[in-house]
Amino acid sequence: MARRLLATVPALPLTAAGYLASQVLRAANRKDLPSFSNADASGLFGDPESPPLRFVALGDSSLTGPGLAHLDNIWVRRLASRLATDYRVELISLGVGGSRVQDVVDGQLEEAVALRPDIALVAVGANDAIRATPTRAYRTSMAHIISRLEHGAGATVLTGIGDLGSIPRLPHALRPFLSWRARVFDDICASIAVSRPTTVKVYTRGPISTAFWEDPSLFAADLFHASDEGHRVLAEETLPALRAALSIAIRRSRTAF
């Protein structure tokens, strides 16, 4: 049945947009589920005597850890801790819960560029896919973000979009459509990254998607955001892309002299 539904979803975006928005609004306002505040993941990690590395994150609530027991469990802080074995890492998170790609352009991008990060990380798109942002608008805004960071950062990690159909809070009837939307938006991110030599795309279609479909404990109590264990999975699966971006940043810094 799910396969048959997936076969029909490419014809749905225009006719389903209003229904999608209404159902998402209903899911977002469920009174039987908790809501959580956002946190600032920024911090310093590692030996002060180690070489400095500035790590700037832009995006949505995936960076702010709603519902987590401890701040250090946020996946970008986990990543900063991994880098801190060799560097004095300054993590600056500009993420704002609920952000869409245009919000990042309007409210986070120029600050990130001004910070001149060694590595930038962009994690935005889930809210765009869920809330019916047109794919062309998403592509244009994301391409602008990556283009600006290409000149303002040593290298960029672009997370892309995981399989949104796995989110328990969202209506079952919409899950095939949201899985399809997520893949379309993730493909947009991949197509942008492949044309940018300093951008590395996280692979979201393997263990990340499988894990979130198979293990409900990866979601927080609001059944929407990732739990502590979910953030651990995100960090582990993002680490290879982060390592690759670090190598690019190091090569670029050497050629600058």
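The values are calculated or read from the model by the stated rules, or taken from the named source; none is laboratory data. None of these values were measured; they are calculated from a predicted model. Methodologically, a virtual Cβ is constructed for each residue, glycine included, from the backbone with ideal geometry; neighbour enumeration extends over all protein chains shown.
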Look at region 99-132 and say how many of its residues are modelled with pLDDT of 95 or more, surrounded by fewer than 19 Cβ atoms within 10 Å (Cβ to Cβ), assigned to a loop (DSSP other than H, G, I, E, B) and not charged (D, E, K, R).
-> 1
Failed condition for SER179, given (1) within 12 Å of the chain's Cα centre (by Cα); (2) under 21 Å from VAL233 (Cα atoms); (3) not in a strand (DSSP E or B), with all others met?
-> (1)
Can you tell me which residues in region 77-98 are assigned to a helix (DSSP H, G or I) and out of contact with any strand residue (DSSP E or B) (no Cβ under 8 Å at 6 or more places or on another chain)?
-> ARG78, ARG82
Provide a single number: the residues in region 212-221 that are touching a residue at least 24 places away in the same chain (Cβ under 8 Å) and either assigned to a loop (DSSP other than H, G, I, E, B) or surrounded by 14 or more Cβ atoms within 10 Å (Cβ to Cβ) (or both).
-> 5
Going through region 24-70 in order, the residues found to be modelled with pLDDT of 95 or more, farther than 15 Å from VAL96 by Cα and either assigned to a helix (DSSP H, G or I) or basic (Lys, Arg) (or both) are ARG54
If you scan region 162-176, which residues turn out to be aliphatic (A, V, I, L, M) and either part of a helix (DSSP H, G or I) or more than 13 Å from ILE208 (Cα to Cα) (or both)?
-> LEU164, LEU170, ALA173, LEU174
Of all residues making up region 152-161, the number that are within 16 Å of the chain's Cα centre (by Cα), farther than 14 Å from PRO240 by Cβ and assigned to a loop (DSSP other than H, G, I, E, B) = 1
Six or more apart or on different chains, Cβ under 7 Å: which pairs go from a residue in region 222-237 that's part of a loop (DSSP other than H, G, I, E, B) to one that's among the β-branched types (Val, Ile, Thr) and surrounded by 18 or more Cβ atoms within 10 Å (Cβ to Cβ)? Could you list them?
-> PHE224/ILE167
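Evaluate the following for THR198: is it of a type in the set (Ser, Thr, Tyr) and crowded, with 21+ Cβ neighbours inside 10 Å?
no
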Would you call ASP60 touching a residue at least 60 places away in the same chain (Cβ under 8 Å) and of a type in the set (Asp, Glu)?
-> yes
